[in-house]
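Reading through the C-alpha cells given below for one structure.
The values are calculated or read from the model by the stated rules, or taken from the named source; none is laboratory data. Values in this document were obtained by computation on a predicted structure and should not be read as measured data. Positions of Cβ are generated from backbone atoms using ideal geometry, with glycine treated the same way; all protein chains shown enter the neighbour counts.
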Amino acid sequence: MAQAPVIQWQQSYGGSGNDYAYDIQPTPDGGYIMVGSSTSNNGNLTANQGNADCWVVKLNATGTLQWQKSLGGSANEVARSVANTADGGYIIAGSTGSNDGDATGNHGGLNDYWVVKLNAEGNILWQKTFGGSSNEEAEVIQATADGGYIIAGASNSNNGNVSGNHGNYDAWIVKTDATGNLLWQKSLGGTGTDEAEAFMTTADGGFIMAALSSSTNGDVIGNQGSFDYWIVKLDATGNIQWQQSYGGSGGDEPTCIQTTADGGYIVGGTTASTNGNVTGNNGLYDYWVVKLNSSGNLQWQTALGGSSLEIAYGIQPTPDGGYIIAGNSGSTNGNVTGNHGGYDGWVAKINANGILQWQKSIGSTAADGMAALLNANDNGYIVVGYNSAANGDVTANQGGADCWVVKLSRDALSNASFKNQAITLSQNPVNELLQWQTSGGNPIIKIKITDSNGKTVLEQYNNTNTLNIAMLANGMYILEAYTENEKMTAKFIKK
C-alpha cells in the first residue's frame, strides 16, 4: 500500500462551546470560505445571537483567519453549505429555528431552510426562509447558470412554501432567482423517509441528487430494505429523468456525490448492509463508495472500514483517475490503522476501480471527525471538520469541539520518503523523445518533469518509458518516475 500524505499545516478555530465545520470552498484569492455552527461567544467568535449560530469563516491560503461572522437569532441555526457568487460574495444554506436577529420570515415550524447572501466581507445583503409548519433542513446550495440558486434538503411540511409532500420527510428541492425569490419547488419521495443529502448541477443543465430513502412507493422504485442510496437525475425544472436505489437490508446513507470524467457519478456514504448491492462490509457501518455510469447503473462498489463505525462525508476525483474520501472512523482494524482513540477523521484514497491505495487516521484521543474535502491547488488535500482535544495530531483546542482545518500534502507518489532507485536515460541531451530504463520491475504509475526552478512542467499518470518533450524550452530538467514504493530521478538537458 502506498504511503499516506502528511499534515503540512492545520488550524483550530472556536471558543469554549462547540464549534463544527460542515463545508469549505476555495475562493478566488487563493483562500477558503468555511461554514458550520457554533455555540461559542469567545475565543475566535464574536456576537453569538443565542444558542447555536451559523458560523462563517474566511481563511487565507494557509488557513489563517481573515474574518468571521456569527449569523442567527435566539433559536438554533446551522450552515451546511456555501458557494461563491459571481459578485465576489457568498451564498450560504442551512436551517434556522429563529424569527429574530438575522433571521426573519420563519414559517412557524421547528426549522426552515435559511438562505443568506453575503458580500465579500461577510456582511448580509439579503436572507430568505423557506418552509412550512413542520421541519425543513437544507443540506446543499449551488449557483445555477441563470444566476439563481438551487437548494436541496428535506421537508415534512405540506403548507407554506411546500407542496406535494408524499408523507413523512421528502427530499425537497427549491429553485430561486438571483435575489432569493422562489421560482419553483419539488417534493420527491414516498410515504417513508426521503432526504436529499448531496446535490449538484450537471452539464446538461439538470441536477443529480443523492438521497437516503426508506420508501417503497411514490417516486421511489427498487428499495432494497431499510434505508437505501436513492440516486435521482432531474432535468432543469426538477422533473425526474431516471432514478436508482442501491443498498441492502441494513441502513445505507449517501452523503456526497460528484460527477466523473466519463460522464458518470461517484457516490460516498455509509452502509450497514452485507447483502443486496453491498459486498465486503468489514463490520457495523463502513464507508460505501458506488461508481455509476451516466444512466445511474452500478459499475462497481467498495466497502471500506473496520469493525466499528465509518461514515464518509466528502469525496473528490483525483488527477490519477482515482478518488479521495474523508469522514469519520472508530475502528482500529480492517482497512483502518493509526486510530488515536475514540473517533478520528479518516481519509482514504482509492484507485479508479475502487481499490484502496492508502489511508490515514487523523485526530486526538477524544472525538474528532471530518465533514468536507477539497483538492488543493498543489494536488494535496484540504479536509475540515472538528477536534475535541489538543493531543495526537491536534495542536490546539479552545474547549469543547473546535472547527479543524487540515492541509495534507500530495500523496505518497509525490513524497520524498520513497526508496530511491536508478534510472538510465537512453540519451542525454534530448531533442524530442525522452526515453529511459528503470532498474526495478514495478510498473510506473506517475511521471513528472520539473525545471531548474523546481516548477512542474509536465506530469502524467501512466506506465511508460517514453515521453515527447518537444514542447519544452531548451534547458536543464529533472525527470521523476514513481512506482508504488519507489522514486527514480535523472537530470537531462533539452536542446
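Structural remarks
- Check on residue 298, closer than 25 Å to residue 140 by Cβ, in contact (Cβ under 8 Å) with a residue 40 or more places away in the chain and crowded, with 17+ Cβ neighbours inside 10 Å: no
- Residue in region 175-182 that is part of a strand (DSSP E or B), surrounded by fewer than 16 Cβ atoms within 10 Å (Cβ to Cβ) and modelled with pLDDT of 95 or more present: yes
- Each residue in region 95-131 was checked for being in contact with a strand residue (DSSP E or B) (Cβ under 7 Å, 6 or more places away or on another chain), on the phi < 0 side of the Ramachandran plot and among the small types (Gly, Ala, Ser), and 5 pass.
- Candidate set from region 367-407 (those that are more than 18 Å from residue 4 (Cα to Cα) and aromatic (Phe, Trp, Tyr)); member that is surrounded by the most Cβ atoms within 10 Å (Cβ to Cβ): 404
- Looking only at region 1-39, and only at residues there that are among the polar types (S, T, N, Q) and within 21 Å of the chain's Cα centre (by Cα), the one that is farthest from residue 51 (Cα to Cα): 8
- Residue in region 54-62 that is touching an Asp or Glu at 6+ places or on another chain (Cβ under 7 Å) and either small (Gly, Ala, Ser) or farther than 29 Å from residue 132 by Cα (or both) present: no
- Total residues in region 341-366 satisfying the condition of being crowded, with 19+ Cβ neighbours inside 10 Å, under 22 Å from residue 198 (Cβ atoms) and among the aliphatic types (A, V, I, L, M): the figure is 3.
- Filter result (of a type in the set (A, V, I, L, M, F, W, C), buried (at least 24 other Cβ atoms within 10 Å of the Cβ) and either more than 16 Å from the chain's Cα centre (by Cα) or not assigned by TED's automatic domain parsing to the domain that holds residue 258 (or both)) within region 304-331: 304
- Residue 210 meets the stated requirement of being modelled with pLDDT of 95 or more and hydrophobic (A, V, I, L, M, F, W, C).
- Region 363-391 residues that are over 16 Å from residue 326 (Cβ atoms) and assigned by TED's automatic domain parsing to the domain that holds residue 457, paired with ones that are assigned to a strand (DSSP E or B) and at pLDDT 95 or above (beta carbon under 9 Å, 6 or more apart): none
- Pairs, first farther than 20 Å from residue 309 by Cα in region 344-355, second part of a loop (DSSP other than H, G, I, E, B), C-beta under 7 Å, six or more apart: 351/322; 352/321; 352/322
- Of all residues assigned to region 373-382, at least one qualifies as being under 30 Å from residue 438 (Cα atoms), in contact with a strand residue (DSSP E or B) (Cβ under 7 Å, 6 or more places away or on another chain) and not in a strand (DSSP E or B).
- Sole residue being of a type outside the set (D, E, K, R) and surrounded by fewer than 17 Cβ atoms within 10 Å (Cβ to Cβ), chosen from 196, 171, 203: 203
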